[in-house]
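A.B. asks: Below you'll find the structure I mean.
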Amino acid sequence: MKFINLGWLFFLFIVSTFAETRPNILFLFSDDHALRTIGAYPGSINNTPNLDRIAREGALFTNSFNVNSICCPSRAAILTGKHSLANGVIGNSSKWNGKQWVFSREIGKSGYQTGLIGKWHLKGNPTDEFQSWEILSGKGGQGSYFNPTFLSPNGESKVTGHSTKIITDKALRWLKKRDQKKPFLLCAQFKVPHIHRLPPINRMNGYDGIEFPVPETFFDDFSSRSSFVSETWMALKGMKGNVLNIAPTKEEIDKNPKIRPPFLHEMNSKQRKAWHSAYDPRNLRYRKLIQEEKLQGKTKSLYIYQRFIKDYVRCVDGLDDQIGRILNFLDEQNLTENTLVIYSSDQGFFTGEHGWAEKRWMYEESFKSPLLMRWPKMVKPGTRITQLVQNIDLAPTFMKAAGLIPPETVHGIALQPILSNPSSRSWRKDILYQYFDGGTRENRGPYNMPRHEGIRDTRYKLISFYDYKKWEFYDLKNDPEELHNLFNQESMKFEVNRLQKRLRIKKAEFGL
Ligand code: CA
């Protein structure tokens with residue numbers, strides 16, 4: 001009897017020790033965040049001291065990619081660790097099958113307390129993927145920037161304020177109320193800096209007197225690329241009025257309330273007052289420039305770029321403030337040492353490169369996602385990782401961090417080997433991309449762009465527009481901005497054939 005009691009005590013000791021040593025996982029996630037608007041990334045145009053802190057105290061991934069650079073497919077790929085065709089979310093209108101394997105359910109079953117707060121944006125609400133969830137609701141799952149409505153198993157509730165701070169408040173409340181005997185997995189998923197960009201009130205001002213750098217490819221003429229590229233409907237110069245926060249002034253709306261644009265309706269009077277105070281002077285200056293015929297051709301395109309990028313950065317500033325609150329909370333609660341903190345976005349974004357403000361393409365700016373990771377017990381401060389990683393790697397990474405073995409059906413690879421040895425030579429050498437939201441040959445969909453797939457290795461990229469039997473091939477070392485399609489260049493024939501073969505092998509490897 002005595003032996004059994006001791007054995008049982010020993011078992012409990014092992015279990016409790018195991019539970020205490022497993023790291024907490026805090027996944028901080030945003031929407032459409034370009035690498036060049038995070039201070040830690042080379043070529044950055046702004047300061048993000050709190051996001052940079054994650055990279056400084058941990059790792060900065062400079063080659064983190066998506067499997068399909070658009071909102072819903074990216075979220076499904078992260079949850080399942082699988083390419084889009086395997087998890088069923090190939091485009092933004094695909095239905096989410098919540099019954100399939102997801103890392104968060106498995107981690108929850110292993111003794112973690114799990115929660116999701118913020119932007120879910122899959123077609124089908126969560127069920128048991130997380131033990132608790134509270135997601136932005138309305139506007140097709142996008143939610144509102146101001147006074148958003150949240151949906152949880154208890155129903156809907158509207159909260160006053162700006163979505164970035166509200167999601168942070170809810171995340172901190174969740175952390176405070178958690179069962180401290182268990183490790184936690186919390187996903188805090190923000191709406192910023194997705195279009196229509198409305199910064200929080202305290203970040204609406206600023207940047208009026210400065211001009212942000214313009215990407216070198218802003219006036220790209222697309223001369224060496226497939227015709228699809230120039231025909232795409234994602235040019236910044238085509239952005240108009242409301243989406244750039246160009247709208248009637250308070251005085252004009254007071255005289256004729258019918259002209260109030262829809263986005264101002266989501267704000268209360270205090271928020272609208274702040275918005276008008278920040279934007280009316282800008283919009284009056286804009287009108288004057290138009291009246292004086294000073295906004296024509298390239299000058300107008302550059303003006304639109306500055307309006308766009310300033311609101312984008314103001315939204316990022318608001319996010320960075322809240323990331324700071326979260327990191328401070330971890331410090332205050334002595335959670336920093338044993339918490340794996342990750343910051344990423346569902347994809348990158350063209351912020352003026354090639355004249356665009358969008359994602360979707362396999363070109364670097366949208367194919368890449370920011371990825372910052374702090375994990376004091378595993379990652380040395382100031383680590384920079386240049387290896388090719390993908391969003392499907394996060395699920396197996398989290399599983400392994402929680403002491404679990406990822407199932408063989410998962411396509412991604414746990415990142416742990418390159419966290420401890422960033423220059424490992426045994427890491428993957430190429431990655432597969434598949435984008436399906438482009439519509440058919442007859443109708444290329446809302447962005448007038450074709451479906452495509454491709455493969456990227458550490459130097460070259462091959463893209464197949466298979467509906468049209470057209471190809472693109474880029475040498476990323478000599479042409480990092482992807483301006484020269486070398487597919488038909490004789491000297492590249494060997495590399496083109498090699499990557500065409502690798503594309504076939506890689507698809508077969510995943511059964512795609
Ligand atoms: Ca997105």
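A.B. asks: Suppose a student asked you for the relative contact order of the chain, using Cα pairs under 8 Å spaced at least 6 residues apart; what percent would you report?
C.D. replies: 24
A.B. asks: Also, I was wondering about something else. With point charges of +1 on the Cβ of Lys and Arg and -1 on the Cβ of Asp and Glu, referenced to the Cα centre of the chain, which listed residue (T232, I166, T62) lies farthest in the positive direction of the dipole?
C.D. replies: Positive-most Cα among the choices belongs to I166.
A.B. asks: Taking only protein heavy atoms and a 1.4 Å probe, what accessible area per residue, in Å², does the chain have with all protein chains in place?
C.D. replies: 43
A.B. asks: Taking only the alpha-carbon positions of the range 332-448 and ignoring solvent, what does the Debye formula give for the base-10 log of I(q)/I(0) at q = 0.17, 0.20 Å⁻¹?
C.D. replies: Evaluating at q = 0.17, 0.20 Å⁻¹ gives log10 I(q)/I(0) of -0.99, -1.20.
A.B. asks: Longest segment of the chain with no chymotrypsin sites (Phe, Trp or Tyr not before Pro) in a DSSP loop having at most 14 other Cβ atoms within 10 Å?
C.D. replies: 234-465
A.B. asks: What Kirkwood hydrodynamic radius do you get for the range 13-110 when you take the inverse of the mean 1/r over all pairs of distinct Cα atoms, in Å?
C.D. replies: For the range 13-110, inverting the mean 1/r across all distinct Cα pairs yields 16.2 Å.
A.B. asks: OK, next. At 18 angstrom or more along the helix axis (alpha-carbon based) and mean Kyte-Doolittle of 0.0 or higher, what helices does the chain contain? Whole DSSP H runs only.
C.D. replies: Membrane-span-like by this rule: 2-21.
A.B. asks: Taking a quarter of the surface of the Cα convex hull of the range 246-390, what do you get in nm²?
C.D. replies: 13.0
A.B. asks: Roughly what % of Cα-Cα distances in the chain sit above 37 Å, to the whole percent?
C.D. replies: Tail of P(r) above 37 Å: 30 percent of Cα pairs.
A.B. asks: Also, quick follow-up: Provide the three semi-axes, in whole Å and in decreasing order, of the ellipsoid equivalent to the range 226-306 as defined by the square roots of 5 times the Cα gyration tensor eigenvalues.
C.D. replies: Semi-axes from the Cα gyration tensor: 28, 17, 10 Å.
A.B. asks: With 22 Å as the limit, write out which pairs from K240/K368; K82/K400; K82/K507 have Cα-Cα distances beyond it, or answer none.
C.D. replies: Pairs exceeding 22 Å: K240/K368.
A.B. asks: Just to be sure I understand the model, the point goes 7 Å from the Cα along the line to the Cβ. What's the resulting T409 to S423 distance in nm?
C.D. replies: Here the answer is 4.0 nm between the modelled labels.
A.B. asks: Moving to a separate point now. So if we plug the beta-carbon distance of T249 and N47 into 1/(1 + (r/R0)^6) with R0 = 25 Å, what FRET efficiency do we get, rounded to 0.05?
C.D. replies: For R0 = 25 Å, the calculated efficiency reads 0.20.
The values are calculated or read from the model by the stated rules, or taken from the named source; none is laboratory data. Owing to the predicted nature of the structure, the values given are computational and were not obtained by experimental measurement. Every residue, glycine as well, gets a Cβ built from its backbone with ideal geometry; the counts of neighbours run over all protein chains shown. For accessibility, only protein heavy atoms count, side chains too; no ligands or nucleic acids. Shrake-Rupley method; radii C 1.70, N 1.55, O 1.52, S 1.80 Å.
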